[in-house]
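So the structure is just underneath, and the comments pick up after that.
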Amino acid sequence: MPAALRRSLALLIVCAWASAVTAESDDAGKSRGFGEEPVDITADALDYDASQQQYIATGNVVMHQGERTLRADSITFNRRTGDGLAKGHVELRQADEIVTADTVQFNVGEEIGLVQNGKIDSPPGQFIASGEEIRKTGPHSYSFRGAVFTTCRCPKEGRDPWQIRAREAEVDVGGYGVVRDATVDVLGIPALWLPWLILPIRTERQSGFLLPELSAGTRQGFQVGIPFFWAVADNVNATFTPLYSVRRGFKDDTKLEYVFGKESSGDLFTAFAYDQEVDPDSQNEPYNKERWAVIGNQNYHLPDDWLYRSDFRFVSDNDYPIDYQELRPRRADRWLQSWALLGRSFGDSGRWMAEGSAFYANDMQSPDDVDRDKTVLNRLPELSLVGLPGPLANIPWLRPSFDANYTFYDATDRTARPQPSPDFVTSSVPHTRGFLDTGTDGIFDSRESSPPPAAGVDPHHDNFDPVTNPGGTERDGHFEEGEPLINEGSRIGLSPRLALPFALADVVEVYPEAGWSETLYDTRFASFDHRELFTGRLDVRTRLVRRFGDVTHVIEPVLGYAYVQSVASQSDNPLFTPATAVPQQRVRDLDLADVTYDTADRVSSVDRVTWGAVQRLHMPVEEGERGGVDAELTLLGTYDLDQEQFGWVIADGGLQPGRYGGTRFHVGYDPEKNQIQEGLIEWNWRHPDGHRLELGYRYLRDIPQVFEDWQRGERFDKFTAFDHINQVFADARVQVTKRWLLGYKTSFSFNREVFLQNSGMIEYLSTCGCWAAGVELSQDRASGVNVRVNYRLVGIGEDIAKSPLLDSLEGL
């Protein structure tokens with residue numbers, strides 16, 4: 001905007017000077033003017049006053065110089081003083097830039113000028129500036145009176161969708177624009193008054209206020225934010241956004257982004273809110289009005305090939321991801337986890353790796369007064385040294401590998417002990433080692449969000465007291481997933497392995513591996529303990545390839561064997577990393593390394609055979625198209641030698657990408673029980689015009705109780721128990737036109753016949769490209785029903801097609 005003003009006024013000066021030179025030329029129609037550029041000038045009349053050294057062109061004056069064209073009813077220029085005046089329907093064009101005005105006064109020597117009732121329209125993506133008076137006060141500075149700034153280039157039948165209207169403005173090209181007594185007008189109606197505002201005045205990074213953010217929703221009410229962008233350094237950005245919500249009050253967001261070197265970058269987001277909606281003394285909101293969040297991500301490439309990475313999220317309370325947008329994709333997470341690591345690889349082949357890391361978890365399953373943060377084990381720190389399988393220098397046929405790790409498990413509550421507690425409804429509680437026997441919800445009855453009104457009474461059926469809920473896991477003396485761990489201390493793991501790969505007749509590949517796993521403990525409840533495991537694995541496979549024209553078909557028969565045996569009983573081992581209640585059997589059978597490398601403290605014995613075949617098919621696309629179609633299908637069966645029974649039959653595969661979309665699927669069938677244990681089928685389709693469609697179905701017969709949802713204040717309108725997953729899901733986006741986008745996403749559980757989520761949205765980008773609006777209606781069990789309306793003032797450099805207005809459908 002100001003750059004266009006500066007260039008346009010300069011062009012007026014240049015053209016006027018050129019017209020003066022042209023008028024003196026013997027060829028009044030064509031000559032060499034200022035800067036030796038050819039100039040053409042036409043007018044109904046062209047006069048010269050020799051005594052005043054003044055040129056006057058009147059009547060349809062048109063002046064051409066290169067790409068520049070100046071039109072006016074009349075142009076007067078005084079060669080002696082350098083003063084000039086263009087009057088009447090003044091229009092200056094250069095490429096896509098247009099300056100229109102009633103009159104333009106200028107002076108060549110002093111580089112000053114005055115535009116009356118002028119308007120400057122710079123190329124698309126730049127501001128349009130107008131003013132009752134635009135005065136050029138220096139080489140790169142301008143003063144506006146009655147200024148209007150916008151990016152809208154809409155049809156002139158109506159008002160511009162948005163404008164910044166200011167009584168006064170000063171502009172320093174390459175620096176800042178300062179406006180005073182300004183309003184942000186939406187469809188001609190003042191929506192926000194600003195006594196003072198700074199705007200960056202160049203397309204390069206520059207500090208200044210950005211356009212206001214306006215939104216409305218049921219959880220926030222009407223909300224307005226005024227971002228301020230600070231270009232701290234060439235490689236550092238900072239954005240400060242104070243916000244005011246009619247419902248929740250004031251909130252301040254700060255985002256820091258930085259890069260250094262060729263590959264290193266990071267970002268940090270902080271937020272603080274004084275939430276006037278919160279009642280700290282209520283059961284539904286048992287936390288303070290002061291609410292905050294810290295979110296960051298770093299990726300540093302350090303000297304000597306060291307790599308540092310971190311990803312952290314800290315919040316003031318468990319409801320923060322539900323009430324505020326920045327952590328909305330995490331609102332259904334069981335844990336809010338943060339981690340950091342430092343590591344590098346060694347050796348010529350890079351197969352030796354050293355790493356140090358730390359993991360911190362925030363329990364998100366209950367409101368703040370009944371959650372388990374006080375009894376969480378965090379890994380602070382974890383050190384590991386890994387040697388991937390590789391040949392020895394003098395014995396290339398032998399492939400050793402090695403894992404060594406040290407972990408210190410830090411208990412956030414060092415006073416908790418695994419013994420009877422007054423929190424129990426009864427006092428007959430067996431002594432347990434390393435965990436609190438609370439039941440899978442991790443909470444004693446008396447601390448539930450819906451505490452029992454009397455002993456043995458559970459009106460909501462959400463406690464795990466075996467008296468009121470037969471089969472309940474509270475005080476049963478056995479560890480259940482979800483019960484808090486409290487046995488802090490150190491664990492050292494050593495796992496050397498030796499492999500002897502070979503081939504039979506260059507046709508069959510054989511990979512035998514034997515290993516030993518030693519685990520040493522020094523814990524709070526046991527000064528020293530240890531555990532030994534013997535592991536063995538065998539993979540045998542071959543490849544059969546056949547080509548049918550351009551189609552390649554590969555069949556890969558596979559045979560596998562896994563063996564894990566503990567030297568002694570593990571029942572009294574310290575418990576830092578428990579095995580999951582429902583293991584990923586399909587994943588473990590498809591890759592037996594997941595069985596022999598199990599890092600849990602209590603590992604069941606394994607003596608298992610797997611067999612089957614992997615089929616792959618590659619089909620090239622038709623001539624003139626890119627890529628190809630790849631299909632894969634794995635069929636696998638298992639047999640447990642210890643239990644003398646067949647395990648799952650597994651089918652796993654997919655088709656990508658495919659002209660009609662891609663698919664992926666897996667099925668796990670238990671022949672002993674004659675039932676399907678798990679399944680997934682998903683189909684997705686993308687269109688170059690922006691349409692997309694995803695359909696899917698997922699099934700899991702057994703899920704641990706810890707994944708069920710317990711009643712927690714406003715987070716759920718009612719308690720709904722789920723004992724298996726039986727869901728369909730869909731996600732559709734339709735780019736109706738370049739301006740209209742429709743979207744809908746849903747998931748439905750046949751188990752209990754309940755919608756898990758519904759979200760529909762509509763977006764519109766104006767024809768002039770200067771504003772966008774969207775409406776979203778969403779419902780899920782965590783947030784309830786929410787309506788969000790967003791209106792964006794699209795400014796310099798924004799691409800609505802690449803950056804959707806509403807992003808709430810992502811991550812649901």
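Determine the pairs where a residue that is open to solvent by 50 Å² or more (accessible area, probe 1.4 Å) and part of a strand (DSSP E or B), located within the range 397-419, has a partner that is of a type in the set (Ser, Thr, Tyr) and at pLDDT 80 or above with Cβ atoms under 6 Å apart, the partner being 6 or more residues away or on another chain. Filtered contacts from the range 397-419: PHE408/SER490.
Filtered by the rule that a residue be among the small types (Gly, Ala, Ser) and touching a residue at least 60 places away in the same chain (Cβ under 8 Å), the range 527-569 gives a lone residue, GLY536.
I'd like the full set of residues that are part of a loop (DSSP other than H, G, I, E, B), open to solvent by 20 Å² or more (accessible area, probe 1.4 Å) and touching a strand residue (DSSP E or B) at 6+ places or on another chain (Cβ under 7 Å), limited to the range 478-525.
Scanning the range 478-525 gives PHE479, GLU488, LEU500, PRO501, VAL507, ARG524.
Being at pLDDT 80 or above, within 24 Å of ALA50 (Cβ to Cβ) and not charged (D, E, K, R): is that true of ALA86 here? It is true that ALA86 is at pLDDT 80 or above, within 24 Å of ALA50 (Cβ to Cβ) and not charged (D, E, K, R). Using the structure shown, decide if THR42 is modelled with pLDDT of 80 or more and farther than 30 Å from ASP172 by Cα. When the stated conditions are applied, THR42 passes them. Restricting attention to the range 670-679, does a residue exist that is at pLDDT 90 or above, open to solvent by less than 30 Å² (accessible area, probe 1.4 Å) and under 25 Å from the mean Cα position of the chain (by Cα)? Among the residues of the range 670-679, not one is at pLDDT 90 or above, open to solvent by less than 30 Å² (accessible area, probe 1.4 Å) and under 25 Å from the mean Cα position of the chain (by Cα), which makes the answer no. Taken as a whole, the range 625-642 holds no residue that is in contact with a Leu (Cβ under 9 Å, 6 or more places away or on another chain), assigned to a helix (DSSP H, G or I), open to solvent by 30 Å² or more (accessible area, probe 1.4 Å) and closer than 30 Å to VAL545 by Cα.
Looking across PRO557, PRO574, PRO620, one residue alone is more than 27 Å from ILE725 (Cβ to Cβ) and open to solvent by less than 30 Å² (accessible area, probe 1.4 Å). It is PRO574.
Across the range 701-758, the qualifying residues are those that are open to solvent by less than 50 Å² (accessible area, probe 1.4 Å), part of a loop (DSSP other than H, G, I, E, B) and among the aliphatic types (A, V, I, L, M), and the one among them that is modelled with the lowest pLDDT is ALA721. Reported count of residues in the range 270-302, each being part of a loop (DSSP other than H, G, I, E, B), more than 17 Å from MET364 (Cβ to Cβ) and open to solvent by 60 Å² or more (accessible area, probe 1.4 Å), is 7.
Take the conditions of a type in the set (Lys, Arg), more than 21 Å from ASN674 (Cβ to Cβ), open to solvent by 30 Å² or more (accessible area, probe 1.4 Å) and without any contact (Cβ under 8 Å) to a residue 12 or more places away in the chain and apply them to ARG588. Does it pass? When the stated conditions are applied, ARG588 passes them.
Can you spot a residue in the range 307-319 that is over 22 Å from the mean Cα position of the chain (by Cα) and either charged (D, E, K, R) or closer than 30 Å to VAL785 by Cβ (or both)? No, the range 307-319 has no match at all. You will find that of ASP373, ASP369, the residue that is modelled with pLDDT under 95 and in contact with a strand residue (DSSP E or B) (Cβ under 6 Å, 6 or more places away or on another chain) is ASP373 and no other.
The values are calculated or read from the model by the stated rules, or taken from the named source; none is laboratory data. None of these values were measured; they are calculated from a predicted model. Don't worry about glycine lacking a Cβ; one is built from the backbone with ideal geometry, like all the others, and counts go over all protein chains shown. Remember, those area values only see protein heavy atoms, side chains included, never the ligands or the DNA or RNA. Shrake-Rupley method; radii C 1.70, N 1.55, O 1.52, S 1.80 Å.
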